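Q: What follows is a single structure, and I will ask about it in a moment.
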Amino acid sequence: MNVRFTAPQLAPESAWRKSSYSDGMGNNCIEVAHLTPGKGTGVRDSKNPTGPALLVSPTAWTTFVTHIRETTSSN
């Protein structure tokens with residue numbers, strides 16, 4: 001199943017926050033929105049807030065965040 005979403009379809013503007021892993025220079029910035037429990041996490045490009053967005057399952061998001069934390073703590 002290939003479902004496409006725009007950021008406004010996933011969450012209201014107030015739900016989005018900039019990732020702490022963004023570069024802070026306005027270039028490589030993503031924003032995340034934690035959605036209704038069990039629905040997952042939305043991910044969008046901060047330079048295109050009404051554009052396409054990813055819907056990441058709760059399991060995939062937890063795996064991703066765990067990997068990032070482990071990778072950054074070992075450096």
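The values are calculated or read from the model by the stated rules, or taken from the named source; none is laboratory data. From a predicted model like this one, the values you see are computed outputs, not experimental measurements. Note that each Cβ is placed from the backbone with ideal geometry, even for glycine, and that neighbours are counted across all protein chains shown.
Q: If you go through region 1-20 one residue at a time, how many are in contact (Cβ under 8 Å) with a residue 12 or more places away in the chain and either in contact with a Leu (Cβ under 9 Å, 6 or more places away or on another chain) or within 17 Å of P52 (Cβ to Cβ) (or both)?
A: Residues meeting the conditions: 13.
Results for (1) surrounded by 13 or more Cβ atoms within 10 Å (Cβ to Cβ); (2) at pLDDT 95 or above, shown as yes or no for each residue.
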residue: N2; (1), (2): no, no
residue: A7; (1), (2): yes, yes
residue: S19; (1), (2): yes, no
residue: I30; (1), (2): yes, no
residue: H34; (1), (2): yes, no
residue: K47; (1), (2): no, no
residue: T63; (1), (2): no, yes
residue: H67; (1), (2): no, no
residue: T71; (1), (2): no, no
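Q: Can you tell me which residue in region 46-75 is nearest to P12 (Cα to Cα), limited to those that are in a loop (DSSP other than H, G, I, E, B) and polar (S, T, N, Q)?
A: Top of the filtered list is T50.
Q: Pairs needed: first member in region 43-62, touching a residue at least 60 places away in the same chain (Cβ under 8 Å); second member anywhere, among the aliphatic types (A, V, I, L, M) and part of a strand (DSSP E or B); C-beta distance under 7 Å; at least 6 residues apart or different chains.
A: Going by the 7 Å Cβ cut-off, there are no qualifying pairs.
Q: Just give me the residues in region 26-39 being assigned to a loop (DSSP other than H, G, I, E, B) and within 13 Å of A15 (Cα to Cα), in sequence order.
A: L35, T36
Q: If A53 meets every condition in (1) surrounded by 11 or more Cβ atoms within 10 Å (Cβ to Cβ); (2) modelled with pLDDT under 95; (3) of a type outside the set (S, T, Y) apart from one, which number is that one?
A: Failed condition: (2).
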